[in-house]
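These notes are about the structure you will find just below.
The values are calculated or read from the model by the stated rules, or taken from the named source; none is laboratory data. The structure presented is a predicted model; accordingly, all values stated were derived computationally and were not measured. When we count neighbours, we look across all protein chains shown, and the Cβ atoms used for this are built from the backbone with ideal geometry, even at glycine. To get the accessible areas, we keep the full protein, side chains included, count just its heavy atoms, and leave off ligands, DNA and RNA. Shrake-Rupley method; radii C 1.70, N 1.55, O 1.52, S 1.80 Å.
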Amino acid sequence: MAKISQLALLIAGLSATSSYAMNPQPDPENPDGYIIERAEITAAEDAKTLDPMYDVWAKALETRPNTEVEAIYPDAVSNPDNVKRVERVFPETEWNFLTQMAAPEYTYTRFLRAIGKFPAFCGDYTDGRNADEICKTSIVTAFAHFSQETGGHISIDNYSDNPLALEEWQQALVHVREMGWSEGQAGYTTGCGQDDWQNKRWPCADGEGYFGRGAKQLSYHFNYGAFSEVMFDGDATVLLNDPGRVADSWLNLASAIWFFLTPQAPKPAMLHVIDRTWKPSQREIDAGITYGFGTTINVINGGIECGEQNKDKGQPVNRIRYWEGLAEHYEIAIAEDEKNTCWQQTPYGSLNLNGATDVLYTNWDANWKYYSDRPGGVSFECELVGFQTAYSALVEGDYEKCVANAYGSHANWPAVRVVDKLPDTGKPVDPVDPPVDGVAIWESNKVYTGSDKVSYQGAVYKAKWWTQSDIPTSGGPWALESGAPVTPEPVDPVEPPVDPVDPVIPVEPVEPVEPVDPPATDVPVWNAGVVYVGGDKVSYQGSEYKAKWWTKGNKPDAGSPWQKL
């Protein structure tokens, strides 16, 4: 069992309470670990993600199987509904109009497949919002950013390099790989090979380069790994071992759609800025962050492109020019409360949202608060945080992985194993035992610490120190506080009649005598009257045991608080 740091004990209030029925039990397969029932994990996760926005985010990131996606072609009758909407509001003629300078790896078919992977992009709305208009605005917004990220940036007056006199907002998707990089080059491997959670979840492959690829120039192993999990049913290694797919297949556009739909808490998903599913918090409003294209810049690259100091910087100025040119050409209506710029916004990276109650986060990390009713004070829970971690609230199963510390990201966290059902301890079930004076009834699986009070068999007992599973009437860690224990009347079993000729002669019970117990090693023999503390070793019936914590009178072979060596 890992010890809680002194810092954790100094947290304001020194303790925390929770409505989650977390009930960690010693792991019979690991003397230093604990098991938790899966139903408790699920209940805790559900309670922490009650806000409807979590369901919206999860819905936005739902995907279709790749086999269905790769059956998508222009004008195919079998195309999904959201793909048919794209074909209607942005047909292949418009694609060709905006991609006359594009790399050949970008095609309309691949564009449709990238959208078909994510049903939420250009999906339906049931509340009266105009799905066609939102779809068109989403595509035009994406192309404005494509024009900056992978565009040609060639002046309309430069006839030698731009003989078709294309507007710069018509020059998207020129680059499929980052300039200066080619397949076979190892690079962008910062952090690869380190003993950290990122490498445990998204391990780099030898010799591979994670430089920018695709419409959004996906870069670095942790982004390739996370994207691979979405594309290939949770398998991060597919793209980590073969990152070139992000350039040479429909993934070159799917990576951009994925980014468009994914919130980077506290930053919203760009789709939800456009369709207004996102509602800015008061702190965001105070920081100038509201609706409009400018906020999508803040989502993508706010630290470099937003704020007063970046008002005249080339990158945001270009993005805004491209957006305004596209919006005018496609007659995108700009609402009065929307801003195309973000120079008046605080970049998200500089916005202090700590303690904000109206901001939602999407990553899980260990809850380090101290819980007096749990082993070692450990919470055995995770909480939502505003920074990237190994575990996402939008990925099914990640909360359980967080509690079980699947990627070793929680230093000094106890070993936790999640089981479908806690094992039957074999302990007899107590008869109906009403509480005394409003004091809660003793529970055999619950942890109690010094001064905790319980009701048991008509009396109130007070814990002297940490205890779990010790029956109050047995003494040891329990002291009688008030009342007198009343042992429930046992139910007599049904006995067959006794033959009067051959009566049964009762035998006087004999108190068992402890056998002589020679030391197993050079450590002293366990003594029921001696107090032992964590680390003390004893010999008992031929074996050696070590105390995990304070104990007196508890036989070593009974398990907790003893560990067999």
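Site pair residue 352 and residue 334 shows an inter-label distance of 3.4 nm when each label is modelled 7 Å from Cα along Cα→Cβ. Put 379, 543, 78, 182 in order of accessible area, highest first, and with a 1.4 Å probe you get 78, 182, 543, 379.
Anisotropy class assigned to region 25-81 is oblate, per the alpha carbon gyration tensor with a/c at or over the 1.5 cut-off and a/b no larger than b/c.
Considering only 244, 264, 222, the residue lying farthest towards the positive end of the dipole of region 191-308 is 264, judged by Cα position with unit charges set on Cβ.
Rounded to 0.05, the FRET efficiency of the residue 93 and residue 66 pair, given R0 = 22 Å and the Cβ-Cβ distance, is 0.20.
Rounded to the nearest 20 debye, the dipole magnitude of the chain is 1360 debye, with +1 charges on Lys and Arg beta carbons, -1 on Asp and Glu beta carbons, and the Cα centre as origin. Between region 17-90 and region 305-332, the C-alpha centres lie 35 angstrom from each other. For the chain, place one equal point scatterer on every Cα, skip the solvent, and apply the Debye formula. What is log10 of I(q)/I(0) at q = 0.09, 0.10 Å⁻¹? Debye output, listed in q order: -0.81, -0.92.
With the simple model of a label 7 Å out from the Cα in the direction of the Cβ, residue 558 to residue 443 spans 2.2 nm. Measuring nothing but how far apart in sequence close Cα pairs (under 8 Å, 6+ apart) lie, relative to its length, the chain scores a relative contact order of 12 percent. Between residue 415 and residue 132, the simple label model (points 7 Å from Cα in the Cβ direction) yields a spacing of 6.2 nm. Could you tell me the calculated FRET efficiency between residue 154 and residue 58, based on Cβ-Cβ distance and R0 = 41 angstrom, to the nearest 0.05? After rounding, the FRET efficiency stands at 0.50. Over the chain, dividing the summed -39,500 (n - 2.57) contributions of all DSSP H runs of at least 4 residues by the number of residues returns a 222 nm mean residue ellipticity of -7500 deg cm²/dmol. Among the protein heavy atoms, those of residue 321 account for about 110 Å² of accessible surface (1.4 Å probe, every chain in place).
Per residue, the solvent-accessible area of region 284-386 (1.4 Å probe, heavy atoms of protein chains only, all protein chains present) comes to 42 Å².
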